[in-house]
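The values are calculated or read from the model by the stated rules, or taken from the named source; none is laboratory data. This one's a predicted model, so the numbers in the text were calculated from it and none came from an experiment. Here the Cβ positions follow ideal geometry from the backbone for every residue, glycine too, while neighbour counts run over all protein chains shown. Only protein heavy atoms, including side chains, enter the accessible area calculation; ligands, DNA and RNA are left aside. Shrake-Rupley method; radii C 1.70, N 1.55, O 1.52, S 1.80 Å.
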Amino acid sequence: MSGMNNVTTQEIRLSFSGEYELITLPDKIKDVYSMNANAYTVIIGSKMGAVDNRGRLFIPVNYSQITPLNEKLFKATKSGLLGVKYEIYHLDKGLVLDNCDQIMECAEGRIRFCQKQWGFIDEEGQVIVPPIYATHADFQEGLAFVGDGKKDGKYIDINGNTVFTINASQGFLFHNGLAVFEVNGLRGVIDRQGNIVLVPTYQKMSDYRYGLFAVSENSANWGVIDVSGKVIVPPKYPFVEIREKDIKFGHGEQSKYGNTVYSFLVYGLMDHTGKEILAEKYMEILQPSEGFAAFRAWENGTACSGYRTMDGQEIMMTKPTFTTSILLETGGSMMEYLRPHSEGLAFARNPNDIGKEYNTGLFYVIDNMCRPISSKGFLAVAWDFKNGYACVCDKPDRYYLIDRNLNRLTPDYTEIHQESHGRYIGKRIREKTLLGAPKGQQFYDIMDEDLQIIASIPSDAEEMYIGSDGIIEALVGGMIEFLDINGCTVMRSDYKAAMAASFYREDIGMKPKLIGTNIWLVPPSLGEKMPEEKISLRESHFFTEGLAEVTNGNKYGFIDQTGRLVIPIEFDSTRQVKYNRVIVNKNNRFYILRRKGQIEVVDSGQVLESVELL
C-alpha cells in the first residue's frame, strides 16, 4: 500500500474548545509510539510510517525504521533486495531527500547525507551543500571541512559558503579557534582564517585540548606539544591523555600467572608544563577518602599496594615477593583490597596472606596512620565503619557487626543492611537438609541503634528493606505486608497492588491505603475521601508527567498526583505517557489523547466521542 490511501478527514465539534479537525488514520494499525513532541511512529504489519499531532500521515507506511533527526526532520530506512536506502521527510513538507546511501546527524543544525558523494542539508531539509565531496567533517564552531580527499579542501560556514580554501586531504573539528589538518600524510594546525599555526610535522595529532596537542611521529609513541610547537612531553609513551588539570601518560605491562598472561596499563601524571606529579608506576588510584587515596602500583616487576596521602607520601601496605599478586590475578577493583577510610579506620587486605584463608588473604583494620590496630583479620567486608559499626565475616555468608575495638556485637547473618531510620535488618542463617536444601522458616531480625532485636519477622522474601519513608516491605505467606520500624504490620494486600503502591509511595510521597482488596494512594489533601469505584494501581507503573495508570481489572485509565481520575477507565490498553499525550487502545483502535485543558481525541480508524476530564 502507498500508506496515504484510506485517509479521510472528519470534523467534530468538541464541547470544550470549539471546532477541531480530526483525521482518521489507516485501519489495521498494529502499534503506535511517540518519537518526539511532534510525531508518532505507526506500525501496520511489518512496516512503519509516521503521523503528526493531528493524526495526519506524513510518512507512508512503507519503511523498516523511522528515527527523528530533529523536531521536524525524520530519517526513513527502506530495506530491499538492492540493499538499504534512506530518505528524509519533513513534518510539513513531506519527502525532501531520497535515494541516500547514508545519513548522519551533524552538529549545529546541519545534517550530512551521501548520494555517492557527501553534502549537507539544513534543519528544514534544504540542501545547502550539494553532494559533490569525497571527504567531510562535522560542523563545529560554525565551520566544517569538505574536500576531494586529495589536496583540494576548504572550510564552509553553516550556510554552505566558502570561508577559506586549504591544501589538505582532510580537515578536522575546530576547538577554541584551532583545527588539525592533514596533507601528504602529516598533520599540522590552522586557525579560523586558514593561517597555518603549526606546519605539518606529525603522523598523528589530537584535537586542541586545554592549550595542548597530543602528537605522534610513528602512531605508536605519543608526546605533547603546546600551540607554539614546544615539546612538553617527548613522544615516547604508548599512552598519553590530556586532561583538564594534568597529563596522564604510561605504557602497557604484562605478567604471567600460571598459563595466563595479564595485560595492564601502568601510568603516571604530569602537569601541563611537563613536570612529573606521579611516577610512571600506578595501575589504579582511587578518589581520596579522609585524606587517603588507595593505590596499586608496579615496581621492578612486582605489584604492590598502599595509600597515598594528600601531600604525596606513600604508605606501602603490601609488597609481594612473587611477580604476580592477587591484585593482578583477579583483575578486580581496588575496593577488594584497600578500602577507603571511614571514621578514621579502613580495611586493607594483605595478599601476602594468600593461601592461608580461602586462598584470598585477610582484611586487617588500620588507623589513620595506616597502621594495623590488631592482628585479627577478616575474610570479607560487607560495609565499612558507619555510626561506629562495620559488617564483616570470617566464613562465607556469615556476616556480623563489630565495633571500633573489633568486638563482635551480633550473631551471624546471611546479610545485614546498613542503618536506616535507626534500624538494622539482619537475614538469619537457615539450616540445611542433608541434600543441601534450605530447611525451616526464613526469619529477619529488626535491630535498633543499640543492636537490640526488637522484632523477628518470618518472611518468604528474598530481601527485606526499609523504604525512604521508614516503612518496611516484606513478603509473608505469599502476601505483601507493610511494617513499621518496630516490625508491626500496618497493611496487607495482594502482591500486585501492594508492589505498585510501595513504588508509588516513594515516587510521590503518598501513603497507601487498603480499601477492600485494593491498594489506593491517599494524598494528604484527600484524607479519607476516596472515589466510589474501587480500582487499583497497575503493577510496575510509575507516575509519568503527572499521570499514573489505574485499572478496575479489565479496563484502564489514569489518575493525577492528587488521586483524581482524569482519564476514564474505559480503554483496553495503553502505550505511553509522553509529551503531555497518552496513547491508548479501545476496541482494537488506537487513540492519541492530548491534554489541553481537557482531552483531545485523535482516532486510528474511527472517531471516538470527546472525553471529558472528570
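Side notes on the structure shown:
- Built amide H within the under 5 Å cut-off of Tyr63, gap 5+: Met48
- Once the Kirkwood radius over Cα pairs is known for segment 130-289, the Stokes-Einstein relation at 10 °C and 1.306 mPa s delivers a diffusion coefficient of 91 µm²/s.
- Karplus 3J(HN,Hα) series, Hz, for segment 393-400 with 6.51 cos²θ - 1.76 cosθ + 1.60 (x for Gly, Pro): 8, 9, 9, x, 6, 10, 9, 8
- Rounded to the nearest Hz, the phi-derived 3J(HN,Hα) couplings of segment 160-171 under the Karplus curve 6.51 cos²θ - 1.76 cosθ + 1.60 (θ = phi - 60°) are x, 7, 6, 8, 7, 9, 8, 7, 7, 7, 8, x, where x marks glycine and proline.
- Residues whose amide H falls under 5 Å from that of Gln442, counting only those 5 or more places apart or on a different chain, are Ser459, with hydrogens built in the peptide plane.
- The shape of segment 33-125 comes out oblate: with a ≥ b ≥ c from the C-alpha gyration tensor, a/c is at least 1.5 while a/b does not beat b/c.
- Accessible surface ranking for Asp148, Asp450, 1.4 angstrom probe, highest first: Asp450, Asp148.
- Extents of segment 182-268, largest first, come to 59, 32, 18 Å (Cα atoms, principal axes, whole angstrom).
- Under 14 Å, Cβ to Cβ, from Gly185 - net charge with Lys/Arg +1 and Asp/Glu -1: +2
- Tensor-based shape of segment 140-182 (alpha-carbon gyration tensor, a/c under 1.5 rounded, otherwise prolate or oblate): oblate
- Accessible surface of segment 65-141, 1.4 Å probe, proportion on carbon and sulfur as whole %: 51
- Remark: segment 363-379, residue by residue, has Karplus-estimated 3J(HN,Hα) of 8, 10, 8, 10, 8, 6, 10, 6, 9, x, 8, 7, 8, 6, x, 10, 5 Hz, where x stands for each Gly or Pro and the curve is 6.51 cos²θ - 1.76 cosθ + 1.60 at θ = phi - 60°.
- Stretching the chain fully between Glu280 and Arg371 yields a gain of 30.1 nm (0.36 nm per residue, less the alpha carbon separation).
- If you take all other residues with their beta carbon under 11 Å from the beta carbon of Phe264, and give Lys and Arg +1 and Asp and Glu -1, the sum is -1.
- In this structure, the amide hydrogen of Ala455, modeled 1.01 Å from its nitrogen in the peptide plane, lies closer than 5 angstrom to those of Ile446, counting only residues at least 5 positions away or on a different chain.
- Virtual paramagnetic centre 7 Å along Cα→Cβ of Asp403, amide N under 16 Å, in segment 425-468: 448-453
- Label-to-label distance, Asp394 versus Ser289, with points set 7 angstrom from Cα along the beta-carbon direction: 2.5 nm.
- With 28 Å as the limit on Cα-Cα distance, the pairs of Lys85/Lys578; Lys28/Lys72; Lys72/Lys151; Lys150/Lys236; Lys72/Lys578 that go past it are Lys85/Lys578; Lys72/Lys151; Lys150/Lys236.
- Using the Cβ-Cβ distance between Leu81 and Asn588 with R0 set to 30 Å, the FRET efficiency from 1/(1 + (r/R0)^6) comes to roughly 0.35.
- Mean separation of Cα pairs under 8 Å and 6 or more residues apart, divided by the residue count, gives segment 56-121 a relative contact order of 20 percent.
- Potential lengthening between Leu451 and His251 on full extension [0.36 nm per residue; Cα-Cα distance subtracted]: 67.0 nm
- Equivalent ellipsoid semi-axes, segment 221-317, via Cα gyration tensor eigenvalues times 5, rooted, Å: 25, 20, 9
- For the pair segment 190-237 and segment 544-560, the centres of their Cα atoms are 59 angstrom apart.
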